[in-house]
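I have placed the structure first, in the form of structure tokens, so that the comments after it can refer back to it.
The values are calculated or read from the model by the stated rules, or taken from the named source; none is laboratory data. Given the structure is predicted, the values throughout are model-derived calculations rather than measurements. In this analysis, Cβ positions are derived from the backbone assuming ideal geometry, glycine residues included, and neighbour counts consider all displayed protein chains.
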Amino acid sequence: MTASLSSASIPALISDGQVLATVNGCLGVITLNRANALNALSLAMIRDITALLKHWAQAPQIQAVVVLGAGREGKPPAFCAGGDIRFFHQAALAGDAALEAFFTEEYALNYAVHNFAKPYIALMDGVVMGGGMGISQGAKLRVLNERSKLAMPETNIGLFPDVGGGWFLGQCPGRTGEWLALTGAAIGAGDAIALDLGDVFVPASAWTAMLDDLLKGDQPSAEHVVATVMSHAELAPAAEQPSHRVAIDKHFAAPSLPEIMASLAAAGDEWSAHTLATLNKRSPLMMAVTLEQLKRARKLSLADDLRMERDLVHRCFHLRPGADSETVEGIRALAVDKDHTPRWNPARVEDVSAEMVAAFFESPWTPDTHPLRGLK
């Protein structure tokens, strides 16, 4: 590799190899290197990526950045499966202040990605969920293949689509943002591009050649980096969801969660029944919070949305502390005990009150003390 690994190009990293950084010509390369955990983000990884972007933003020799996920031999790839939810569970039960730092620094990183002044290219091979969406949706070029599976599945663990999810899902056409947010549905490359959650399709068969060209070939300028990616791009596969768009826009335009579910129940078709069955597995309270989140986010800037989401995630862990948190219970059921039978409270959509939802949106901070007050 024609790489310059001098201290002038790469700052000191702290994640013990969970993030790798190299430089090839004008191109800075960030590799998420936690493949056995599907490259899920730790706090140390967030700090390393942040440090790299800050350093490279000021480095004249770096004109573009690529971020990708390390693979595992013989196993399906993952760009990034999200944040480290087992850490969330442990930290919440232990009262570990690192949990607060995680979300403050992750959301600040999400903002930095959206506002990075140089081309930032996300190579979204395989699973791209939650925190993986947070570090890819702000990219200037979001590159997908037929293995890409994009989702914001947070309602499955009693959370809400954070990392700017309110903002970027709110940009999706029609009511597809509500559908993705409430169900956590995973979509492929064709749908992602149709919903403006991806830009370019490079078939998996060309992926190795593209990586070789980017990481080992001559990269003298940002334009050349982008041209390298585009030289491997092909027409994306057709979207799969258009046949359901009418149903999505009809049902998920209903003004409240009970009305959305009633609309699905009355439809009488297989897709609506399947979608309703999915919603019936989610936390009623956090689905209602999510629906309100998207309504509010459509009127907000990215910075204000991230501040709102920082308020929300604080409430998720502190409104009902410890094991009483919907999020802690959701993670327990999915990833800790793995019994897949979360005990949601309240258990029924009908028992979620407007007051319960509103409490999540009450900021625990003043504008001057908000941890994300620096976002413009």
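Residues in region 16-58 that are among the small types (Gly, Ala, Ser) and under 20 Å from Leu141 (Cβ atoms): Ala21, Gly25, Gly28, Ala57. Restricting region 337-348 to residues that are within 26 Å of the chain's Cα centre (by Cα) and not aromatic (Phe, Trp, Tyr), which is nearest to Ile260 (Cα to Cα)? That would be Asn345. Of the helices (runs of 4 or more DSSP H) contained entirely in region 74-167, those carrying at least 3 residues that are touching a strand residue (DSSP E or B) at 6+ places or on another chain (Cβ under 9 Å) and either within 25 Å of His314 (Cβ to Cβ) or small (Gly, Ala, Ser) (or both) fall at 98-114, 131-134.
Condition (residue is crowded, with 18+ Cβ neighbours inside 10 Å and among the polar types (S, T, N, Q)) applied to region 278-285: is it met by at least one residue? Scanning region 278-285 turns up at least one residue that is crowded, with 18+ Cβ neighbours inside 10 Å and among the polar types (S, T, N, Q).
Just one of the listed residues (Leu300, Leu306, Leu264, Leu319) is of a type outside the set (Val, Ile, Thr), surrounded by 22 or more Cβ atoms within 10 Å (Cβ to Cβ) and touching a residue at least 40 places away in the same chain (Cβ under 8 Å), namely Leu306.
Criterion applied to Ala209, Ala288, Ala266 was being at pLDDT 95 or above, in a helix (DSSP H, G or I) and out of contact with any helix residue (DSSP H, G or I) (no Cβ under 9 Å at 6 or more places or on another chain), and the one residue passing it is Ala209.
The residues listed here are Thr22, Thr50, Thr31; of these, the one that is assigned to a strand (DSSP E or B) and either at pLDDT below 95 or under 18 Å from the mean Cα position of the chain (by Cα) (or both) is Thr31.
The residue pairs whose first member lies in region 323-341 and is touching a residue at least 24 places away in the same chain (Cβ under 8 Å), whose second member is assigned to a helix (DSSP H, G or I) and among the acidic types (Asp, Glu), and whose beta carbons are closer than 7 Å, counting only pairs six or more residues apart or on different chains, are Ala323/Glu329.
From Ser353, Ser363, which residue is among the hydroxyl-bearing types (Ser, Thr, Tyr), under 30 Å from Val113 (Cβ atoms), surrounded by 11 or more Cβ atoms within 10 Å (Cβ to Cβ) and without any contact (Cβ under 8 Å) to a residue 60 or more places away in the chain? After applying the criteria, what remains is Ser363. Flag: Thr22 does not match the condition of being among the polar types (S, T, N, Q) and either surrounded by fewer than 16 Cβ atoms within 10 Å (Cβ to Cβ) or within 17 Å of Val113 (Cβ to Cβ) (or both).
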